[in-house]
Ligand code: KIV
């Protein structure tokens, strides 16, 4: 996940539309009122409040949401988070390798291992979420051999309990994704900023600001569509590029730091909750300040014990 502050705030108003517009040929719930109301009226009010959206734990559900309503995905790393997200009715949960930077104290996602991903995916699975559970393939696992990729995906599904896996990359991994999908492994693609490549690209930045890069991103997305990805994450894409991409590709494009033209949004939950010890990307709008709530509560408890109030 992109930790580095980026320039998106300024860039969203950019008139420099680099969006690719190529053809589709592939190159590549209260007390009841004492006033009498008919029983069925009360029932319908209750049903409306509770079942506004009913989430299903399969990739077809996610795919079919495209064009109907925005998809909402969030990350979870343990049972309590998985349970909270499921209760909140999120469309799908990603056990991201952002586990490394959010929970494990690493500076990047690169040190995250298969053992880490298996332990945390299994913890989220034990929360028994009612939505789809996707697990990230950690750094290097998709690059060694197809057999290694298949075995790591198998472990995330059989031992971790994931319903699907996420792989970073476009054209470079598309052939293997196609084979993986053919063996019955549902795959979530990930293009644009690929945090696992941060050492190679020299930092976190926006993608698709030049015509050339926008076209490369378009090719990546089309290739992943053809490989059979049920959805594609587009991280830190230039806004107009992301908007155009979501029009051009059939799988839903789930954005992160890519503007509001995508088919849905995914975010690192700890960033959203203001529960973090590192930098939070500028595009994140925090809905809570957990750091302060926790610090205030802990400080109060410690003070109460020291002053013998407890
Ligand atoms: O690792 C992660 O959490 C991710 C998402 C934020 C897209 O890759």
Review point. Could you give every pair whose Cβ atoms fall below 9 Å, whose first residue belongs to region 47-59 and is farther than 30 Å from residue 228 by Cβ, and whose second residue is at pLDDT below 50 and part of a loop (DSSP other than H, G, I, E, B), counting only separations of at least 6 or pairs across chains?
Key: 49/29; 50/29
Exercise for review: Within region 236-257, track down each residue that is over 17 Å from the mean Cα position of the chain (by Cα) and either crowded, with 23+ Cβ neighbours inside 10 Å or under 24 Å from residue 74 (Cα atoms) (or both).
Suggested key: 238, 239, 240, 241, 243, 244, 245, 247, 249, 250
Point to revise | Breaking point among (1) away from the ligand (no atom under 13 Å from the Cβ); (2) at pLDDT below 50; (3) surrounded by 12 or more Cβ atoms within 10 Å (Cβ to Cβ), for residue 70 | key: (2)
Exercise for review: May I ask you to list pairs of residues, at least six apart or on different chains, whose Cβ atoms are under 7 Å apart, with the first in region 74-98 being under 17 Å from residue 159 (Cβ atoms) and assigned to a helix (DSSP H, G or I) and the second being within 14 Å of the ligand (Cβ to nearest atom) and modelled with pLDDT of 95 or more?
Suggested key: 79/124; 82/76; 82/93; 82/124
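Every residue, every condition in (1) crowded, with 24+ Cβ neighbours inside 10 Å; (2) within 27 Å of residue 186 (Cα to Cα); (3) within 16 Å of the ligand (Cβ to nearest atom); (4) at pLDDT below 95, yes or no:
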site	(1), (2), (3), (4)
210	no, no, no, no
223	yes, yes, no, no
226	no, yes, no, no
234	yes, yes, yes, no
281	no, no, yes, yes
296	no, no, no, no
Review point. Given the conditions (1) assigned to a helix (DSSP H, G or I); (2) more than 11 Å from the ligand (Cβ to nearest atom); (3) more than 25 Å from residue 176 (Cβ to Cβ), and given that residue 104 satisfies all but one, which numbered condition is not satisfied?
Key: (1)
Review point. Could you say whether any residue in region 190-200 is crowded, with 23+ Cβ neighbours inside 10 Å and away from the ligand (no atom under 15 Å from the Cβ)?
Key: no
Exercise for review: Check off (1) away from the ligand (no atom under 14 Å from the Cβ); (2) crowded, with 21+ Cβ neighbours inside 10 Å for residue 260 and give me the number that stays unchecked.
Suggested key: (2)
Exercise for review: Please find, among 91, 115, 78, the residue that is more than 16 Å from the ligand (Cβ to nearest atom) and either within 15 Å of residue 230 (Cβ to Cβ) or modelled with pLDDT of 95 or more (or both).
Suggested key: 115
Check your understanding: If a residue has to be away from the ligand (no atom under 15 Å from the Cβ) and within 15 Å of residue 234 (Cα to Cα) to count, how many in region 170-189 make the cut?
Key -> 1
**Study point:** Subset tally (residues that are farther than 18 Å from residue 73 by Cα, assigned to a loop (DSSP other than H, G, I, E, B) and more than 14 Å from the ligand (Cβ to nearest atom)) for region 118-144
**Key:** 4
Study note, to complete from the structure: Counting only residues that are part of a helix (DSSP H, G or I) and within 16 Å of the ligand (Cβ to nearest atom), region 154-169 contains a total of 1
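The values are calculated or read from the model by the stated rules, or taken from the named source; none is laboratory data. Keep in mind it's a predicted model, so treat the numbers as computed, not measured. Using ideal geometry, Cβ is built from the backbone for each residue, glycine included, and neighbour counts are taken over all protein chains shown.
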